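S.K.: My questions all concern the structure below.
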Amino acid sequence: CCLGPRVAAAATDYAPYFYDNGPNSNNGNMALLNLSEDTPKGTQIYVLNGTDPEGQPVKYGMTFEPGSKEYFRVHPKSGAVTLIDELDREAQDEIEVFVSISDGLNKVAEKVSVFVMDANDERPQFQNMPSIVDVPENTTSGNSIYKVQAVDRDTGSGGSVTFFLQSSEPSTKFAIDHHSGILRIKPGETLDYEKSRTHFITVVAKDGGGIYKGKHQVMSSSATLTINVIDTQDTPPVFVGTPYFGYVYEVSSPGSEIFTVFAKDGDMDNPNPIMYSIDSDGVFAINRTSGCIILKVNPADLRREVYNIKVKASEVSPEVKRLDFAVTTVTIRVVDLNNHPPTFFGENGPQNVFELTMYEHPPEGEFLRGLKITVNDSDQGTNAKFHLRLVGPGRMLRVVPQTVLNEAQVTVLVEDSAAMDFEKSQFLTFKLLAVEIDTPERFSATADIIIHLLDTNDNAPKFSSDFYIARIPENSPGGSSVVSVTATDPDSGLWGVVKYSIYGSGADLFLIQPDSGIIYTQPWVSLDAEVKSKYNFYVKAEDTDGKYSLAEVFVTIMDLNDHSPAFHENSLEKTMVIGAPVKIEAIDEDAEEPNNVIEYSIMKSDPDDIFDIDADTGEIKLKSYIKSMDIVQNITNHKDCTWSVVVQAKDRGSPSFSTTTVVKIDITETQLRGPLTSFLMKSRENPLQFIGLISGVIIIMVFVTVFISTIIYVRNVKSNKILPSCRIIRRKCKPRRLDDFQQPFREEHFGGKFRNEDLEIPTADNINCNNNVKVCSYRAPPSPPNAPVMPPPLPTHYRHGERGWTVPTVSASVASKTKKRSHRGKDNPVNTALVSELKLRLEKTEHSNQDAYILTS
């Protein structure tokens, strides 16, 4: 009972089948599929598509004929067909393949054909190229000489072939039919063996173009056709070596060979014999086979200098018939023999030496009038033509004419006047050459030209140097020799005598010997390097005609150590604060180093060995271990603490000079500390440094005041713009009382907070005299001022950190008896109160409890 239904289900299972979607579909059973041969390998070209009536899953398969190449592969589930090998339509244009579909029980297979479509992937192939063609040179233009054949295996337009010529020659003589490939000689063109024996023609075959891999492509091939031109008898004879020239000399005899002509057949591959003939009036003859021209008469009977004869060369056929011919002209000259060389002549006949006396430096372009030279060649024509050339030192002279025919008068011109210098050479020698130009013998002649030069005054005296430098000690007596200058004049005689003189701003102290050039100091001169150490002046060298030259003389007065160092005072008094040096200074009036370089040293001190001195600057300091007055008191019993030091100032000259002085040093100890005190103590020796510091502080205060005033003005302007209804009314000030200015402080407001008995004035000496007292001598300081009253409350718009005025301060020192610390602390409001009160007391009345400003709106 259970097997019955199963057998019934198996009996009704139908086989799967492919869909037949036609050849234009990309899925189905692949029947009649068209595929281009340029399809890339790996491309999916089709999808097999089928179904099972029972809806069972199907699998696809693909097989080929045994022994055939497999081009495709199918995916068993998706049915995608992929190209696995390159296609070539020219090798195989149809592919048979078996495709199958199976549902596991039933399998259906079908044989289908895939057609490979053409792509333009083939080049035209020549069938008869490259090739060599022989063409006679007399071939008529327009005739065909060759047919080019080429085949393209592609179909359609890609298989059609057209032909073109690609020639390397500028203008080819050939043309080709684009379709038939027939090669012809262009109309109007001819071949010429004598001009070109071979032609190389490049033939290009192109297809009609087609699609390849999605792009339009034109394929072409090329091949070379060699055309050999065959010679024919069409060229007349050609004379070789033209033009022809022959000569008949005066010693020639009848029968002498004058010249030989030569001709050859223009058709070189198959030449014919040549026969010569001459057209003459009986003067010359020619050998018919060799072409040798012969003189028939005596040269004395010739009536012309030049004969132009016509020579004819004719081709002779094997049948002894005259064919083509050529004619040329032979020029025969009757010439004289070159048997006379050029010759120089003077006034009395042939002459080889010519002499002349003249002054040096004649004007350029002038000819030498004392020379009378003639040159002659007795030959005729070209034998009498020669060159003239002058050979000698430099290019002083030039000869004219330079080319002579038969005879000429020779003229010598001056070309370089400066080179004709008596001082360089008193006589000049030149060679005059005459050399034939166009003769084989090149005969020549020479003559000597000797010029004696006379001197002129053409040179100014010249110093051995453009400047002279001399050094002379300052203790040299008057009349001492300074330096010797030398100038020479190369001119001869009196022109070479030189006289010397000096002039210039520095020449008053010196004199010169006019003949020798030795420069001396004036007898009355006393030189001093400290007064003036440099002098310069000019020395003049002049000849008898007034020609001169100048040189500059620099004289340096050498400093001697003739001054001793000098202190400003014989006895110096200095006040020294412990920790700060004092400086002494000496001056040496010598002009140069090392004579004016001073070294300082301590010769003696009382007490001994407590001071050090800087050898270069003269600064005296206490020994480093002396740091307080207590140590000073332990060293000496003197209560005034004034010590004496003997200081020596010594220069470095040779010999060396020295000076000593006694320096009295008052030792004290400052009560003030800090860098400012040290600076002030050091500035005692240099007041200008202190004045410069004060000036700088004043300038900075002015700039700060201007800056603060500008800020206040800008702020007030902005406040007025914001509150236009507000204005400040300033109460009119009453006349101030003198006693208010002198007594700005009163003690009743603070209840004795600052009392005289609580303050103590220091009793230290006013060392720098800068404590706002009228004189620098010491006096007891005034009593301190009373404490000021408290200032009024600040305005409501006042901001912390702003200062309305700059208040002068009192520079007296105030110290407490019991405390070293200042009464004014950092956060004490009395500071601000004091500043405000001082300004208000100076500008307003005694009403201290009233407000300074009233703000109204």
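S.K.: Go through segment 187-236 and tell me which strands (runs of 3 or more DSSP E), entirely inside it, have 1 or more residues that are free of Cβ contacts under 8 Å to residues at least 12 places away in the same chain and under 30 Å from ARG322 (Cα atoms).
M.R.: none
S.K.: If we scan segment 159-173, do we find a residue that is surrounded by 17 or more Cβ atoms within 10 Å (Cβ to Cβ), under 60 Å from the mean Cα position of the chain (by Cα) and modelled with pLDDT of 90 or more?
M.R.: So far as segment 159-173 goes, yes, one or more of its residues are surrounded by 17 or more Cβ atoms within 10 Å (Cβ to Cβ), under 60 Å from the mean Cα position of the chain (by Cα) and modelled with pLDDT of 90 or more.
S.K.: Would you check which residues across segment 492-516 are open to solvent by less than 40 Å² (accessible area, probe 1.4 Å), assigned to a loop (DSSP other than H, G, I, E, B) and within 18 Å of GLY546 (Cβ to Cβ) and list them?
M.R.: Within segment 492-516, VAL498 is the sole residue that qualifies.
S.K.: Okay, next question. List the residue pairs whose Cβ atoms are under 8 Å apart, where the first residue sits in segment 436-451 and is without any contact (Cβ under 8 Å) to a residue 60 or more places away in the chain, the second is aromatic (Phe, Trp, Tyr), and the two are 6 or more positions apart or on different chains.
M.R.: Matching pairs, first to second residue: ILE437/PHE386.
S.K.: Any residue in segment 462-488 that's in contact (Cβ under 8 Å) with a residue 60 or more places away in the chain and among the polar types (S, T, N, Q): show its pairings with residues that are in a loop (DSSP other than H, G, I, E, B) and surrounded by 15 or more Cβ atoms within 10 Å (Cβ to Cβ) at Cβ separation under 9 Å, as long as the two are six or more apart or on different chains.
M.R.: Taking only residues 6 or more apart or on different chains, the pairs are SER465/VAL485; SER465/THR486; ASN475/LEU527; ASN475/LEU560; ASN475/ASP562.
S.K.: Mind listing whichever residues of segment 271-314 are open to solvent by 60 Å² or more (accessible area, probe 1.4 Å), within 16 Å of ALA326 (Cα to Cα) and part of a strand (DSSP E or B)?
M.R.: Once the filter is applied, which keeps residues that are open to solvent by 60 Å² or more (accessible area, probe 1.4 Å), within 16 Å of ALA326 (Cα to Cα) and part of a strand (DSSP E or B), segment 271-314 yields ASP279, LYS310, LYS312.
S.K.: Do we have any residue at all in segment 346-356 that's under 60 Å from the mean Cα position of the chain (by Cα) and either assigned by the TED database to the domain that holds GLU436 or not aromatic (Phe, Trp, Tyr) (or both)?
M.R.: For segment 346-356, residues under 60 Å from the mean Cα position of the chain (by Cα) and either assigned by the TED database to the domain that holds GLU436 or not aromatic (Phe, Trp, Tyr) (or both): present.
S.K.: Let me ask you something else. Considering segment 39-56 alone, what residues qualify as being within 18 Å of PHE72 (Cα to Cα) and open to solvent by less than 30 Å² (accessible area, probe 1.4 Å)?
M.R.: THR39, ILE45, TYR46, LEU48
S.K.: Can you name the residue in segment 516-535 that is under 27 Å from GLY653 (Cα atoms) and of a type outside the set (A, V, I, L, M, F, W, C) and, of all such residues, is farthest from the chain's Cα centre (by Cα)?
M.R.: SER526
S.K.: Just the residues that are of a type in the set (D, E, K, R) and either over 55 Å from the mean Cα position of the chain (by Cα) or under 30 Å from THR488 (Cβ atoms) (or both), please, taken from segment 402-443.
M.R.: So the first thing to find is which residues in segment 402-443 are of a type in the set (D, E, K, R), and the list is 407, 415-416, 421, 423-424, 431, 436, 438, 441-442.
Once the filter is applied, which keeps residues that are of a type in the set (D, E, K, R) and either over 55 Å from the mean Cα position of the chain (by Cα) or under 30 Å from THR488 (Cβ atoms) (or both), segment 402-443 yields GLU407, GLU415, ASP416, ASP421, GLU423, LYS424, GLU436, ASP438, GLU441, ARG442.
S.K.: Determine, yes or no, whether LEU33 is surrounded by 12 or more Cβ atoms within 10 Å (Cβ to Cβ) and at pLDDT below 90.
M.R.: Values: surrounded by 12 or more Cβ atoms within 10 Å (Cβ to Cβ): yes; at pLDDT below 90: yes.
Judged against the criteria, LEU33 is a match.
S.K.: Of the residues GLY28, GLY22, GLY42, GLY50, which is touching a residue at least 40 places away in the same chain (Cβ under 8 Å) and farther than 16 Å from ILE84 by Cβ?
M.R.: GLY50
S.K.: Answer yes if at least one residue in segment 226-235 is open to solvent by 30 Å² or more (accessible area, probe 1.4 Å) and either out of contact with any strand residue (DSSP E or B) (no Cβ under 9 Å at 6 or more places or on another chain) or more than 24 Å from GLY142 (Cβ to Cβ) (or both), and no otherwise.
M.R.: no
S.K.: To continue, here is another question. Listed residues GLU599, GLU552, GLU573; which is over 27 Å from PHE467 (Cβ atoms) and under 59 Å from the mean Cα position of the chain (by Cα)?
M.R.: Result: GLU599 is the single residue among GLU599, GLU552, GLU573 that is over 27 Å from PHE467 (Cβ atoms) and under 59 Å from the mean Cα position of the chain (by Cα).
S.K.: Let me ask something additional. Please give the number of the condition ASN383 fails out of (1) open to solvent by less than 70 Å² (accessible area, probe 1.4 Å); (2) assigned by the TED database to the domain that holds ALA445; (3) touching a strand residue (DSSP E or B) at 6+ places or on another chain (Cβ under 6 Å); (4) not in a loop (DSSP other than H, G, I, E, B).
M.R.: (3)
S.K.: Among ALA419, ALA447, ALA460, ALA434, which is in a strand (DSSP E or B), out of contact with any His (no Cβ under 8 Å at 6 or more places or on another chain) and surrounded by 14 or more Cβ atoms within 10 Å (Cβ to Cβ)?
M.R.: That would be ALA447, the only listed residue that is in a strand (DSSP E or B), out of contact with any His (no Cβ under 8 Å at 6 or more places or on another chain) and surrounded by 14 or more Cβ atoms within 10 Å (Cβ to Cβ).
S.K.: Regarding segment 66-73, can at least one residue be identified that is among the aromatic types (Phe, Trp, Tyr), in a strand (DSSP E or B), in contact with a strand residue (DSSP E or B) (Cβ under 7 Å, 6 or more places away or on another chain) and more than 18 Å from PRO23 (Cβ to Cβ)?
M.R.: No, the conditions are met nowhere in segment 66-73.
S.K.: Only one of (1) open to solvent by 50 Å² or more (accessible area, probe 1.4 Å); (2) touching a residue at least 12 places away in the same chain (Cβ under 8 Å) is not met by ASP608, so which one is it?
M.R.: Of (1) open to solvent by 50 Å² or more (accessible area, probe 1.4 Å); (2) touching a residue at least 12 places away in the same chain (Cβ under 8 Å), only one is false for ASP608: (2).
S.K.: Go through (1) exposed (fewer than 15 other Cβ atoms within 10 Å of the Cβ); (2) more than 20 Å from ASP455 (Cα to Cα); (3) of a type outside the set (Asp, Glu) one by one and return the number of the condition TYR359 breaks.
M.R.: (2)
S.K.: Tell me which residues, restricted to segment 392-416, are part of a strand (DSSP E or B), open to solvent by less than 80 Å² (accessible area, probe 1.4 Å) and touching a residue at least 24 places away in the same chain (Cβ under 8 Å). Quick ask: steps written out before the conclusion?
M.R.: Here is the first cut: in segment 392-416, the residues part of a strand (DSSP E or B) are 397-400, 403-405, 407-414.
Subset that is open to solvent by less than 80 Å² (accessible area, probe 1.4 Å): 397, 399-400, 403-404, 408, 410-414.
Of everything in segment 392-416, those that are part of a strand (DSSP E or B), open to solvent by less than 80 Å² (accessible area, probe 1.4 Å) and touching a residue at least 24 places away in the same chain (Cβ under 8 Å) turn out to be LEU397, VAL399, THR403, VAL404, ALA408, VAL410, THR411, VAL412, LEU413, VAL414.
S.K.: If you check every pair at least six apart or on different chains, which have Cβ atoms under 7 Å apart with a residue in segment 364-375 that is part of a loop (DSSP other than H, G, I, E, B) first and a residue that is not hydrophobic (A, V, I, L, M, F, W, C) second?
M.R.: As it stands, the answer is GLU364/GLU415; GLU364/SER417; LYS372/GLY346; LYS372/GLU347, since those pairs meet every condition given.
S.K.: Just to check your reading of the model, which residue among GLU542, GLU552, GLU530 is surrounded by 15 or more Cβ atoms within 10 Å (Cβ to Cβ), modelled with pLDDT under 90 and of a type outside the set (S, T, N, Q)? Can you show your working first?
M.R.: On the way: GLU542 fails: modelled with pLDDT under 90; GLU552 fails: modelled with pLDDT under 90.
That would be GLU530, the only listed residue that is surrounded by 15 or more Cβ atoms within 10 Å (Cβ to Cβ), modelled with pLDDT under 90 and of a type outside the set (S, T, N, Q).
The values are calculated or read from the model by the stated rules, or taken from the named source; none is laboratory data. None of the values given here were measured: they were computed from a predicted structure. Note that we place each Cβ from the backbone using ideal geometry, even for glycine, and neighbour counts take in every protein chain shown. For the accessible areas, the whole protein counts, side chains as well, though only heavy atoms, and no ligand, DNA or RNA atoms are used. Shrake-Rupley method; radii C 1.70, N 1.55, O 1.52, S 1.80 Å.
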